[in-house]
Amino acid sequence: MKLLLTSAGIKNATIHNALLDLLGKPIAECNALCIPTASYALRNGSGMAWGFISGQEPDCPMCELGWKSLGVLELTALPSIGEDRWVPMVQETDVLLVNGGDPLYLSYWMRQSGLADLLPSLRAVYVGLSAGSMVMAPNIGQDFVGWTPPTGGDETLGLVDFAIFPHLDHEMLPENTMAGAERWAARMRVPAYAINDETAIKVVDGAVEVISEGHWKLFTP
């Protein structure tokens with residue numbers, strides 16, 4: 001798997017260059033699918049989804065980067081259609097752009113749709129934004145539990161062996177301080193990264209590299 005797990009999208013040249021390295025070709029030659037599903041569990045979720053899909057989120061650049069083509073993969077729709085309608089499309093795309101929102105809601109629909117089972121076999125680069133990154137962890141911690149899955153708990157997909165605390169020291173999120181991240185990390189069972197919006201985590205076949213023009217910290221259990 002090739003993952004680029006961001007706090008706020010492709011925010012700077014360093015993260016942009018990491019994306020190009022993972023893609024292996026210019027963005028203008030790449031076909032993308034965007035996944036807005038995580039947005040819907042938040043207030044004004046439909047507005048957030050539209051902003052993401054339409055590339056009207058300048059603070060979190062993802063869909064507006066100049067892709068050759070851009071499609072929408074809505075996870076909540078997939079269980080009601082045949083796999084032959086969407087699996088080949090996912091297998092052929094160059095990149096999955098996964099929006100922020102509620103990570104547990106996203107995890108639930110990744111599993112319900114069948115996408116979670118496909119992810120390890122895909123050639124596509126997976127680019128997560130906030131919840132889209134957090135969902136790859138084994139769990140997210142009680143601090144980030146909003147929407148509650150039918151089974152309860154805070155477990156997510158576990159496709160990486162670390163957890164992510166995004167939006168570190170964000171001016172609009174006064175609780176997202178380094179001290180808050182440290183308290184969160186102390187309750188986690190796995191290594192945990194606190195990353196600000198100028199930082200991303202690149203994962204290729206299990207090898208982890210922090211990509212940053214900002215600040216971050218790794219907490220170990």
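Could you name the aspartates and glutamates in cross-link range of Lys2, using Cα to Cα under 17 Å and dropping any fewer than eight places away on the same chain?
Leaving aside aspartates and glutamates fewer than 8 places away in the same chain, those within reach of Lys2 are Asp21, Glu92, Asp94, Asp117, Asp161, Asp205, Glu209.
Mind listing which trypsin sites (Lys or Arg not before Pro) in region 1-96 are in a DSSP loop and have 15 or fewer other Cβ atoms within 10 Å? Don't skip to the answer; put the middle values down first.
Details: sites: Lys2, Lys11, Arg43, Lys68, Arg85; in loops: Lys11, Arg43, Lys68.
Of the trypsin sites (Lys or Arg not before Pro), the ones in loops of region 1-96 whose Cβ has at most 15 other Cβ atoms within 10 Å are Arg43, Lys68.
Which GluC sites (Glu not before Pro) in region 92-189 sit in a loop by DSSP (not H, G, I, E or B) and have at most 14 other Cβ atoms within 10 Å of their own Cβ?
Sparse-neighbourhood loop GluC sites (Glu not before Pro): Glu171, Glu175.
So, with +1 on the Cβ of K and R and -1 on the Cβ of D and E, and no other charges, what is the size of the charge dipole of the chain about its Cα centre, to the nearest 20 debye?
Value, rounded to 20: 240 debye.
Which residue, chosen from Val190, Ile27, Thr14, occupies the Cα position most advanced towards the positive end of the dipole of the chain, where the dipole is computed from +1 (Lys, Arg) and -1 (Asp, Glu) charges on Cβ about the Cα centre?
It is Val190, whose Cα lies furthest towards the positive end.
I'd like the Kirkwood hydrodynamic radius of the chain, using the inverse of the mean 1/r over distinct C-alpha pairs, in Å.
Answer for the chain: a Kirkwood hydrodynamic radius of 17.2 Å.
Expressed as a rounded percentage, what relative contact order does the chain have, with Cα pairs under 8 Å and six or more residues apart?
Relative contact order, the chain: 26 percent.
If you restrict to DSSP beta bridges whose two residues both lie in region 2-219, what percentage is antiparallel, to the nearest 5?
45
May I ask you to list the chymotrypsin sites (Phe, Trp or Tyr not before Pro) in region 124-219 that are in a DSSP loop and have at most 16 other Cβ atoms within 10 Å of their Cβ?
Sites meeting the loop and neighbour criteria: Trp147.
At 0.36 nm per residue, minus the direct Cα-Cα distance, what do Leu218 and Arg123 gain on full extension? Give it in nm, one decimal, please. Display every interim value, and only then the final one.
Numbers: separation 95, 0.36 × 95 = 34.20 nm, distance 2.83 nm.
Separation in residues times 0.36 nm, less the Cα-Cα distance, equals 31.4 nm.
Taking 0.36 nm per intervening residue step and subtracting the Cα-Cα distance, what contour gain separates Ala186 from Arg111 on full extension?
Length gained between Ala186 and Arg111: 24.2 nm.
Express in nm, to one decimal, how much length is gained between Ile81 and Thr14 on full extension, taking 0.36 nm for each residue of separation and deducting their alpha carbon distance.
20.2 nm
Comparing Thr151, Thr76, Thr177, which has the greatest mean-square fluctuation in the GNM of the chain with Cα pairs linked when under 10 Å apart?
Among Thr151, Thr76, Thr177, the largest GNM mean-square fluctuation belongs to Thr151.
Taking the Cα centre of the chain as the origin and placing charges on Cβ (Lys, Arg +1; Asp, Glu -1), which of Asn139, His170, Cys60 is farthest toward the positive end of the dipole?
Asn139
Which of Ala38, Ala179, Ala131 moves most in a GNM of the chain, Cα contacts under 10 Å?
Its mean-square fluctuation being the largest, the pick is Ala179.
Considering the chain as a Gaussian network with a 10 Å cut-off on Cα pairs, which listed residue, Pro149, Pro88, Pro58, attains the greatest mean-square fluctuation?
Pro88
Please enumerate, by chain and number, the lysines with C-alpha under 18 Å from the C-alpha of Lys217, excluding those fewer than 8 residues away in the same chain.
Lys202
Would you calculate the separation in nanometres between label points at Glu175 and Thr151, each defined as 7 Å from the Cα along the Cα-to-beta-carbon direction?
The two pseudo-label positions are separated by 2.6 nm.
None of the figures in this text is laboratory data; all of them are computed from the coordinates on show. Nothing here was measured: the structure is a model prediction, and the numbers come from that model. Here the Cβ is made from the backbone with ideal geometry for all residues, glycine too, and neighbour counts use every protein chain on show.
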